[in-house]
1. Return the total of residues in region 176-211 being among the aromatic types (Phe, Trp, Tyr) and either within 13 Å of the ligand (Cβ to nearest atom) or in a strand (DSSP E or B) (or both).
2. So if I check each of GLY224, GLY233, which one is at pLDDT below 95 and either of a type outside the set (S, T, N, Q) or closer than 23 Å to TYR196 by Cβ (or both)?
3. One residue is enough: does region 133-146 have a residue meeting the conditions in contact with a Phe, Trp or Tyr (Cβ under 6 Å, 6 or more places away or on another chain) and more than 17 Å from ASP85 (Cα to Cα)?
4. With respect to VAL109, determine if the residue is crowded, with 24+ Cβ neighbours inside 10 Å, on the phi < 0 side of the Ramachandran plot and of a type outside the set (D, E, K, R).
5. Scanning for something in a helix (DSSP H, G or I) and of a type in the set (D, E, K, R), does region 247-257 turn up at least one residue?
6. Only one of ASN132, ASN151 is crowded, with 21+ Cβ neighbours inside 10 Å and more than 29 Å from GLU396 (Cα to Cα). Can you tell me which?
7. Condition first: in contact (Cβ under 8 Å) with a residue 60 or more places away in the chain and more than 16 Å from the ligand (Cβ to nearest atom). Can you find one or more residues in region 249-256 that meet it?
8. Which condition does SER166 not pass, out of (1) in a helix (DSSP H, G or I); (2) in contact (Cβ under 8 Å) with a residue 12 or more places away in the chain; (3) surrounded by fewer than 19 Cβ atoms within 10 Å (Cβ to Cβ); (4) more than 16 Å from the ligand (Cβ to nearest atom), if it passes all the others?
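The values are calculated or read from the model by the stated rules, or taken from the named source; none is laboratory data. From a predicted model like this one, the values you see are computed outputs, not experimental measurements. For neighbour counting, all protein chains shown are included, and Cβ atoms are generated from backbone atoms with ideal geometry for every residue, glycine included.
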Amino acid sequence: MKKVLLTLFTGILFINFACFSGKSGGNDGNGNNNKPETLNSTKLNDSINQSKKDTLMLAQNKFSDLNKDAFKLHYDAIVIDTHNDILMPVFLQGAELDKDNPGTQSDLVKWKEGGLDCQMFSIYVPERYKTNHFNYVMKLIDKLESFQSENTGTFALCSNYRELESALKTGKFIALMGAEGGNMIEGSMENLETLYSRGVRYLGLTWNTSNAIGTSARDETERGKQGGLTEFGIDVVKRMNELGMLVDVSHLGETAFWDVVKTSNAPIIASHSNCYSLCPNYRNLTDDQIKAIAKSGGYIGINFFYKFLDPNGNPGAIKNVQAKYRNAADKLMSEYGDDLILFNEKRYEFITENPTENGTSVDILIDHIDHIVKLAGIDYVGLGSDFDGSIVTINEIYDATCYPIITKKLVERGYCEQDIRKILGGNFMRVFKQVCP
Ligand SMILES: [Zn+2]
């Protein structure tokens, strides 16, 4: 799907850049307007400029009754998502990053409503384009930088932990850049170094097709392709270690994965992958892979695509349930939208009062988190939604306004405040601090 979508629109990429307005969403000019750390005032405009400076200490417990205060905890915590494909709809289809687009799963309005503080954007180029991958990527980064320079009061494009930590104190929405698919460096170490110098902080070594770096999971599983990392791929991993760039193994074949484990001297991440033992799909990680990532001190961002969560998932059934939940939520938003915590309580009440056996429940997503925690410990799992990567998600998490439901479910599963803060963003912060200080 992703490839088809991109093919349709890539032809107009170079003449259609102007479709992206880059206008402010009306909340600019208050970048340094620090608010009290708790979300007593839960109004949307306040939460937009919420400073997270007092939540950087992950050990603290602010809430004595999590059952009552799950949503308060969510908006108080630092919430980070390590994979999102919205840049393609924005740069190629006319979606607007700072508007509530009816056709996208995410944008700045939805992230703010969903309590997200930081999004690591996927910089992606369709693999079927034989040439000019690198130029294409440079232009995508140019566009993101223009957006940043036109929205300096509300949007911070960061490239290391120090910048991230500082931007959290301002309440700006934070963007980080990761790259998906090593084909974009076109077999050139110099291009890798340029990506780094432009601020890209992870590289997924492959997408679904193998490249000069190594063999992809799909090629290995569905096409029986043998391989691993090439000699160039081994040099790429070593250079990424030297530069301070996260090696992302989502989409990578298993033999190449083990070559990365042998080669890398830094924490390894999977920006958007789930557990193979719960959902046997070539894109997911086996228990041994999960343990190896944890042993490296790394990180796994849980992907919200139903196919990587639920082996029995049915997209039609999920879409029906989502339509019902979304309609109810739209009405509740018009009534309670100036109080995000109350809105979330009402939305969750509707969901629990309207149970369904159809589709795929968010409980399965929590099962994947649970599995990693039981297998490897609490320190290695986070969120890597893959929103707007042409995916059908799961019943309750129909778009980026729904992150708070994950926090509520974690509370119901018995996770303590400190552990929930780690899953929502703390675990990625730790790895990012270590690799990209
Ligand atoms: Zn992907």
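1. Filtering region 176-211 for residues among the aromatic types (Phe, Trp, Tyr) gives 196, 202, 207.
From the residues that got through so far, the ones that are either within 13 Å of the ligand (Cβ to nearest atom) or in a strand (DSSP E or B) (or both) too are 202, 207.
Selection size over region 176-211: 2.
2. Values: GLY233 fails: at pLDDT below 95.
Among GLY224, GLY233, only GLY224 is at pLDDT below 95 and either of a type outside the set (S, T, N, Q) or closer than 23 Å to TYR196 by Cβ (or both).
3. There is no residue in region 133-146 that is in contact with a Phe, Trp or Tyr (Cβ under 6 Å, 6 or more places away or on another chain) and more than 17 Å from ASP85 (Cα to Cα).
4. Values: crowded, with 24+ Cβ neighbours inside 10 Å: no; on the phi < 0 side of the Ramachandran plot: yes; of a type outside the set (D, E, K, R): yes.
No, not satisfied.
5. Quick first cut of region 247-257, residues in a helix (DSSP H, G or I) only: 254-257.
Add one more test, that the residue is of a type in the set (D, E, K, R), and what stays is 254.
Yes, some residue in region 247-257 is in a helix (DSSP H, G or I) and of a type in the set (D, E, K, R).
6. Numbers: ASN132 fails: crowded, with 21+ Cβ neighbours inside 10 Å.
Only one candidate qualifies: ASN151.
7. First, pick out the residues of region 249-256 that are in contact (Cβ under 8 Å) with a residue 60 or more places away in the chain: 250-251.
Okay, now just the ones that are also more than 16 Å from the ligand (Cβ to nearest atom), so none.
So far as region 249-256 goes, no, none of its residues is in contact (Cβ under 8 Å) with a residue 60 or more places away in the chain and more than 16 Å from the ligand (Cβ to nearest atom).
8. (2)
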